[in-house]
Structures are given as structure tokens and as C-alpha cells.
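J.: Following this message is one structure expressed as C-alpha cells.
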Amino acid sequence: MRRLILAPLLALLAACGASDDRTELVVQRFFGSCQADYGAVNDPTKADGECGIMTALINRFEADNPDIRVVENVVFWPGYDQLTAQLAANGPPDLVTMHSSAISDYEARDLLEPLNPVLAQAGVSPESFTPAARAGVMVGDQVMGLPIDVWAPLWHINMNLFRKAGLVRDGRPILPSSPEEFDAHARQFHERTGKPYLVQVTDKDFAGPMRIFYMYVMQQGGAPFRDARHSNFNSPEGQRALGFMRDLYQQGHSVRNQDYAGAVSTFLKGEGGVLIDGTWMVGQFTAASQREDSALADGYAVRPFPAIFKERNVSLVDGHNWVMPRDERRTQAQREAAARFLRFFADNNFQWARTGHFPAYTSIIESAAWRALPHRSDIAVLTQIGEPLPRFVRRQSPIEFIVGEEASAAFTGQKSVDRALQDMQRRADEILQSF
Amino acid sequence: MSALRRPPPLAVVAVVALAVLMLVPMLWVLILSFKDNTALLADTASAFVPPYTFANYRNIMGEGQVFTWLMNSVIVSLAMTAGVLIVSSLAGYGFARLEFPGRKILFVVVLFGLAIPEQAVIIGRHQIFSALSMHNSYTALVVPGLSMPFGVFLMTQYFRAIPVEIDEAAMLDGASRFRIFWRILLPLTIPAQATLGIFTFFQAWNDYWWPLISATDGQMYTLTVGIAATQVNFAQAEGLGFLMAQAVFAGLPTLIVYLIFQKYIVRAVAGAAGQ
């Protein structure tokens with residue numbers, strides 16, 4: 001009996017004591033954890049959604065590279081508080097997911113390692129990135145990250161309501177190309193369907209209003225930032241953009257009192273014509289359009305944000321990337337492991353692109369396989385006209401919150417446009433001049 | 001029970017109605033936790049009609065590290081509760097009963113601690129633990145919580161409320177100061193200890209910020225940090241049922257603690273209120 005108890009204990013101790021000579025690669029990411037569904041899946045083609053595909057890709061990498069032990073640290077989105085704390089404690093992970101808009105902040109403080117040598121070792125050329133992806137990770141001639149994707153705000157369209165409103169021609173949605181046309185389409189839509197044209201986030205979540213405001217300013221040829229220390233929101237372009245957003249809302253062309261979840265639900269229930277949301281929702285809405293009981297049944301289309309102000313054909317984009325925080329203790333073996341990991345992600349970028357995000361590589365954008373995915377050919381142009389916010393602006397994350405908060409206050413009528421723009425600029429400048 | 005002490009029926013109805021009203025959000029969370037995420041994404045009103053599912057709870061249980069995080073939370077909360085009770089009792093006794101130079105000033109300094117928010121000290125605290133290479137350890141998670149000015153203040157006031165004649169009588173009988181503290185005064189402070197213990201346990205259990213930046217290794221996550229990390233992006237829309245199941249799962253241990261110690265907790269709160 002004693003042996004029966006002791007034997008497993010000794011085996012356990014032996015296992016604990018056994019040395020693991022694999023190279024440890026600490027990978028920190030957001031996108032959630034879904035071990036119950038995908039913990040044992042190492043074929044990315046059998047996974048769906050951001051979390052599922054990311055988990056399966058990492059499982060696959062581990063299976064293909066038995067000499068590397070991947071320690072996967074999943075963090076709550078976006079994870080920058082944890083990363084900053086880890087950098088302060090001199091214990092950063094080897095690779096971290098980071099938005100393109102956040103790279104400048106960490107790069108300016110010399111907290112990121114340029115990936116040029118690692119990518120050269122991995123055989124990944126920045127020339128293979130799409131222009132939008134390249135703009136997201138390049139600082140001068142330094143490559144600060146390996147792009148995972150590019151994403152952008154899109155117009156998700158309920159074609160069933162558009163048909164009813166008479167806004168479909170040759171099976172394609174008719175989209176406005178000027179503020180006046182936008183107003184006319186919205187009126188026509190409301191008259192024929194009894195519903196608002198626009199579904200957008202109006203409360204609590206400020207990312208949506210921020211992106212729309214930036215988009216309208218950029219479409220007018222305006223620059224949201226003058227230089228690294230000064231924003232430029234209180235400009236003629238800012239006035240026109242925010243005034244237009246307010247007019248749409250005040251004239252009843254938009255839903256009201258919607259947070260993010262509410263706006264998505266409202267669109268899925270067929271309570272509005274156009275939802276402004278990101279690339280990540282393409283898969284969900286495509287799936288909904290294939291269900292007979294859905295308001296989107298056989299009636300979903302997606303398009304780039306239309307050029308309402310025609311001075312520039314441009315679209316705001318951001319992206320997810322792998323970056324390598326500086327760590328003097330990182331060994332050559334870990335660098336080599338990181339190079340193989342990045343190469344693996346570059347090679348399997350098509351699988352990630354099934355999430356709805358844009359691939360980061362021109363070869364995939366041009367491939368028949370990607371264009372055969374639902375709706376991708378309708379939005380592919382964004383990889384050419386997509387433009388991130390200026391690289392010289394740091395602290396973009398808190399500034400984005402301010403821009404969204406003030407824009408939301410203005411178009412919902414809580415503040416005048418003038419006051420909101422003044423406050424937006426003052427608050428942003430305080431941040432830009434605080435370091 | 002005499003007729004005089006029986007509460008009026010209207011009051012009973014009002015209390016029951018208020019209790020139900022208070023339970024509504026919790027019931028809403030519970031119902032949502034048994035619904036499919038896709039159905040909730042389309043319409044949260046689907047919560048009122050079947051089908052219901054355990055999938056969200058299965059997904060939580062299927063997360064390999066969830067029980068590690070649960071155990072971390074239990075260890076940290078219990079250790080912090082025990083530590084706070086020991087430190088606060090000793091300090092409270094000292095301030096209430098002992099004469100030493102600077103006692104009043106020191107007590108004022110402790111009271112100042114009540115007015116200093118965690119945000120004001122957290123960077124300095126993080127730097128200290130970084131310099132000591134102590135992040136990602138139970139020590140780092142527990143030790144900062146031991147300095148609880150509220151606990152010292154509460155215990156000081158409680159010890160002060162106990163007649164000093166009790167100490168004098170015990171001294172006449174030859175009891176040492178520690179014996180008086182341990183055998184006589186400390187048992188009299190049980191209601192305050194229970195109140196402080198409950199308060200500390202729940203605070204430690206629910207703490208998010210410090211564990212977020214100190215326990216950055218997934219193996220050292222507490223439950224609050226761990227379950228937040230498992231959320232997919234835009235979980236409020238795409239994973240609402242899972243989000244609610246997480247809330248139930250995270251709250252369940254505290255509910256169990258309450259059910260087990262219900263009698264003591266009610267007595268403690270009633271006793272503290274009567275003081």
C-alpha cells in the first residue's frame with residue numbers, strides 16, 4: 001500500500017526535477033483565452049475567431065518546434081498597463097501584441113527593440129508588408145514590429161433595408177459621396193423604412209466617435225496633429241467634421257443612447273441601415289446573413305468608409321503587431337526562437353486574415369484565396385488608401401479617449417461644437433506637453 | 001414573539017420588495033450567464049426564453065489555469081485578512097492602552113493614511129518591489145495590503161471602549177500585559193475583528209489594480225486578473241454570457257464564505273453597529 005502511494009509521488013517529484021532544456025519564449029497577447037474550445041487544436045484551419053485562430057496558431061508553432069517552449073501570457077485588452085509594469089520591473093516578455101498606434105509611445109522611450117536583424121534572420125522582408133501595414137510599424141528605416149494585420153472602421157450595411165429604401169443599384173449599395181447626399185440618403189431611408197440610417201455608438205464607448213471624427217478630418221485633407229507637442233483639432237476641418245456629425249444626429253439620422261453592444265445588437269435586429277464598426281465584425285455579420293431568421297438574411301454588405309469629404313481618398317487604419325520589448329537578459333537562443341515564431345506568423349498570415357482583419361502582406365491581399373473569402377474584394381482597397389495616425393504623436397491611446405469623449409458630447413448636444421473642439425485640443429495638448 | 005415586537009405587515013412587504021429589487025440585477029446576471037453568446041449578441045431579450053446552456057461555465061472550467069488563479073486568490077485573501085487582523089489588533093491595543101513617546105503624533109500619522117488613495121502610492125510601491133525583485137510573488141500581493149489605517153483606527157476605538165478597569169483587575173491578579181491582551185481584551189473585540197476580517201477579505205478578493213501590475217506572470221494571476229484576461233476583445237458584445245458567467249464564478253466563493261459564516265457575520269455587523 002505504501003508503495004502504491006510512494007510510487008506516483010516519486011514519479012511526480014522526478015518529473016518536477018527533470019530539466020527542460022527547451023528554449024523558453026514568453027509571448028504576451030490579448031484576444032482572450034479559449035482553452036476549452038481550442039486548447040487542443042493545433043490546426044488553424046479548424047479554428048475560428050480571433051481567440052480561436054491565435055490559440056491554434058501558437059499550438060501549431062509549438063507542435064512544429066519541439067525545441068521551443070512557448071509560455072503564453074494572456075492579458076486583458078489592451079494589456080499596456082501590465083507591459084509598462086513589466087518594463088519598469090525589468091521583466092518584459094519576449095514578444096508582445098501591440099497596436100500600431102501605441103508603438104510610437106514605447107519606441108520614443110527606447111523600450112522596443114528594432115526587429116531588423118531578427119526579421120533578417122527570419123527571412124521576412126518589410127517590403128512584403130502592405131503599405132498600410134508598413135506604415136504602422138516603420139520608424140525611419142527601423143522595423144519596430146511584425147504586423148499581424150491592419151484594421152479599419154467600415155460601413156456594415158443592411159442590404160434588405162437598403163433595398164426597401166431604394167438605395168441599391170445592380171445589387172450594390174448606393175453610398176453618399178458628399179454631406180448633402182448623406183443627408184438626402186438618410187431622409188429617403190427614414191421615409192421608406194421608418195428607421196434611422198445610421199447605427200453608431202453614442203454613449204460610454206468613445207472609440208467609435210473618435211474614429212469617425214479623425215476620418216472626416218483626414219478626408220478633408222486636415223491634419224489632426226500639428227507636431228509632436230500640438231494637436232490641431234480646433235481647425236476648420238475639425239469644425240466641419242464635428243458640425244456634420246452633430247447635424248446627422250440632431251436631424252434624427254442616427255440611433256440614440258447606444259453603447260457598443262447596443263449598437264451591434266440594434267444593427268443585427270435590423271433597426272438601422274449602416275453600422276460603423278471595424279473589420280473584426282465581418283465574420284459575425286456574414287454568419288448572421290446566412291441564417292434565415294436574421295434581419296441580415298441574404299442581405300449584408302460591407303464597404304470602406306465612403307469619401308464624404310472628397311479632398312483626400314484616405315481611410316484611418318490601425319493594426320495589431322508583434323513587438324519585442326528591450327531586455328538585456330534575452331539570450332541569443334531566445335532571439336532565434338523569436339525569429340522562428342515571427343516567421344511562422346508571417347507564413348500563416350492568411351489564417352489570421354480569416355478573422356476579418358486585413359492581411360499584412362501584399363501577396364495574401366493579391367491571392368485568390370483571400371479574395372474568395374466573403375466580402376474581402378469589396379474592401380481590399382483599404383490596404384492601399386489606409387493611413388495610420390502620425391508616427392510622431394505619442395500617448396495616442398489617452399488622446400483617442402479624449403477625442404471620442406468630446407466628439408460624443410458635441411454631436412449628442414451636451415456641448416457646443418466650438419466648446420468641444422476647444423476642450424479636445426486643450427486636453428490633448430496637456431498630455432502632449434506633459435513629458 | 002410578542003405582538004408589540006412583530007413588525008407591521010406594510011414594513012415587511014416594503015422590506016421584501018426592496019430585497020427583491022436589490023436581487024434583480026443579480027438575477028439578470030445569472031440568467032444571462034446561461035445563455036448562448038451569439039443569441040445575446042443579437043438580442044439580450046432572448047435571455048427570457050429557452051434554450052439555456054452551461055457552455056459559458058464549461059468554458060471557464062476548461063481554462064487550464066482557472067483553479068490556479070482561484071487558489072492564488074484564496075491564499076492572498078486569507079493571508080491578507082490574517083495579517084491585517086494581527087497588525088491592527090496589536091497596533092490598536094498599543095494606541096489604546098500603552099503610553100509611549102510620540103503616541104498621539106503616530107496615531108495622527110496613521111489617520112492620515114485614511115486620506116491617501118492607493119493611486120498616490122502605487123508607482124512608488126511598484127518601484128520598491130521591483131528593486132527587491134519581489135513581483136510575481138505572494139509576498140508582493142499580500143504585504144502592501146497589511147497597512148490598513150482603517151483597521152488600526154477601528155481596533156483602537158474598540159479597545160478604547162473597553163473599560164480600563166478590566167486591565168487593572170487582571171493586573172492585580174498577576175496577569176502579564178500580553179496575557180491581558182490575549183486572554184481578556186482580544187476576545188472582547190471579536191465583533192470588531194469579524195467586521196474587519198470580512199471587510200479585508202472582500203477587499204483583497206476583489207482587488208484588481210495591484211495584482212494587475214505586480215502579478216504579471218499568468219501563473220501568479222489572482223482570479224480577478226485571470227478571468228479578465230480570458231475575455232475576448234469586445235466581450236461586452238460578443239461574449240456577454242461568458243462575461244456574466246465569469247461574474248457569477250468570481251462571486252461564488254464570497255457567497256459560499258457568507259453562507260458558512262452567515263451567523264457570525266450578521267452578529268458581527270449587528271454588534272459593531274451597537275457599539
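J.: Amide H of B:Asn136: which non-local residues (sequence gap of 5 or more, or other chain) have their own amide H closer than 5 Å, using H built in the peptide plane?
T.: Those lying under 5 Å, H to H, from B:Asn136 are B:Ala215, B:Thr216.
J.: Which angle from 0 to 90°, rounded to the nearest 10, does the C-alpha axis of helix A:2-17 make with the longest principal axis of chain A?
T.: The two axes meet at around 70 degrees.
J.: What percent do you get for the relative contact order of chain B when only Cα pairs under 8 Å and 6+ apart count?
T.: 33 percent
J.: Under a 10 Å cutoff between Cα atoms, tell me which one of B:Met134, B:Met80, B:Met171 has the largest fluctuation in the Gaussian network model of chain B.
T.: B:Met171
J.: Computed FRET efficiency, Cβ-Cβ of B:Arg179 and B:Ile86, R0 30 Å: what is it to the nearest 0.05?
T.: Once the sixth-power term is evaluated, E becomes 0.95.
J.: What do you get for the angle between helix A:236-250 and the principal long axis of chain A? Use alpha-carbon atoms, 0 to 90 degrees, nearest ten.
T.: 80 degrees
J.: Around A:Val143, which amide H atoms from residues at least 5 apart in sequence, or from another chain, sit under 5 Å from its own amide H, with H modelled in the peptide plane?
T.: Amide H neighbours of A:Val143: A:Leu115, A:Asn116.
J.: Separate question: Using the Karplus equation 6.51 cos²θ - 1.76 cosθ + 1.60 (θ = phi - 60°), what ³J(HN,Hα) coupling, rounded to whole Hz, does each residue of region A:303-311 give in order, writing x for Gly and Pro?
T.: Computed from phi, the couplings for region A:303-311 are 9, x, 4, x, 7, 6, 9, 9, 4 Hz.
J.: Let me ask something else about it. Counting Lys and Arg as +1 and Asp and Glu as -1, each charge on the Cβ, what is the dipole of region B:60-273 about the Cα centre in debye, to the nearest 20?
T.: Roughly 500 debye, rounded to the nearest 20.
J.: Which angle between 0 and 90 degrees, to the nearest 10, do you get for helix A:332-347 versus the longest principal axis of chain A when only C-alpha atoms count?
T.: Once rounded, one gets 40 degrees.
J.: Among A:Phe76, B:Val248, A:Thr202, whose Cα sits farthest toward the positive end of the charge dipole of the protein assembly as shown (+1 at Cβ of Lys/Arg, -1 at Cβ of Asp/Glu, about the Cα centre)?
T.: B:Val248
J.: Among A:Phe411, A:Phe305, A:Phe392, which one shows the biggest mean-square fluctuation in a GNM of chain A, springs joining Cα atoms closer than 10 Å?
T.: In the Gaussian network model the winner is A:Phe392.
J.: Name the long-range amide H neighbours of A:Ser231: under 5 Å, sequence gap of 5 or more, or other chain; modelled H, no Pro or chain starts.
T.: For A:Ser231, whose amide H was placed from the backbone, the distant partners under 5 Å are A:Arg226, A:Asp429.
J.: Compare the Cα positions of B:Ala45, A:Phe345, B:His126 along the charge dipole of the protein assembly as shown (+1 at Cβ of Lys, Arg; -1 at Cβ of Asp, Glu; about the Cα centre) and return the one farthest towards the positive end.
T.: Farthest towards the positive end: B:Ala45.
J.: Let me ask something else. Using only alpha carbon pairs under 8 Å that are at least six residues apart, calculate the relative contact order of region B:179-275 and give it in whole percent.
T.: 41 percent
J.: Using +1 on the beta carbon of Lys and Arg, -1 on that of Asp and Glu, and nothing else charged, what's the dipole of region A:161-304 about the Cα centre, debye to 20?
T.: Using only the charged Cβ atoms, the result is roughly 80 debye.
J.: If you don't mind, there's one more thing I want to ask. Please work out the C-alpha center-to-center distance from region A:280-323 to region B:157-222 and express it in whole Å.
T.: Using only Cα atoms, the two centres lie 57 Å from each other.
J.: Using a 10 angstrom cutoff on alpha carbons, build the Gaussian network for chain A and name the most mobile of A:Ala207, A:Ala337, A:Ala63.
T.: A:Ala63
J.: Tell me, what is the percent relative contact order of chain A, built from C-alpha pairs under 8 Å that lie six or more residues apart?
T.: 26 percent
J.: When a/c reaches 1.5 or more, the comparison of a/b and b/c decides; with that in mind, is chain A rounded, prolate or oblate per its Cα gyration tensor?
T.: In terms of gyration-tensor shape, prolate.
J.: To continue, here is another question. Within 10 Å of each Cβ in peptide B:231-244, how many partner chain Cβ atoms are there on average? Round it to a whole number, please.
T.: Across B:231-244, the average partner-chain Cβ count within 10 Å equals 6.
J.: Next question. Just check chain B against the gyration tensor rule for me: Cα atoms, a ≥ b ≥ c as the square roots of the eigenvalues, rounded for a/c under 1.5, and otherwise prolate or oblate depending on whether a/b exceeds b/c.
T.: Oblate, because a/c is 1.5 or more while a/b does not exceed b/c.
J.: Give the distance, in whole Å, between the Cα centre of region A:361-435 and the Cα centre of region A:89-114.
T.: 20 Å
J.: Shifting gears a bit: Residue by residue, what Karplus-based ³J(HN,Hα) values in Hz, rounded to whole numbers, does region A:356-370 have, using 6.51, -1.76 and 1.60 with θ = phi - 60° and x for Gly and Pro?
T.: Along region A:356-370, the couplings run x, 5, 7, x, 9, 10, 4, 4, 6, 4, 7, 6, 5, 4, 5 Hz.
J.: I want to check the label-to-label distance for A:Arg69 and B:Tyr258. Put each point 7 Å from Cα in the C-beta direction and report it in nm to one decimal.
T.: Output for this residue pair reads 4.2 nm.
J.: Next up: For region A:164-179, just list the computed ³J(HN,Hα) in residue order, Karplus coefficients 6.51, -1.76 and 1.60, θ = phi - 60°, integers in Hz, with x standing in for Gly and Pro.
T.: Result, ordered by residue: 4, 7, x, 10, 10, 9, 6, x, 10, x, 8, 10, x, 10, 7, x Hz.
J.: Nearest 500 deg cm²/dmol is fine: what mean residue ellipticity at 222 nm does the protein assembly as shown get from its DSSP H runs of n ≥ 4 alone, each adding -39,500 (n - 2.57), divided by its residue count?
T.: Estimated from H runs of four or more residues: -17000 deg cm²/dmol.
We did not get these values from a lab; they are worked out from the coordinates using the rules stated. Keep in mind that what you see is a predicted model, and the values were worked out from it rather than measured. Cβ coordinates were reconstructed from backbone atoms using ideal geometry, including for glycine residues, and neighbour counts include every protein chain displayed.
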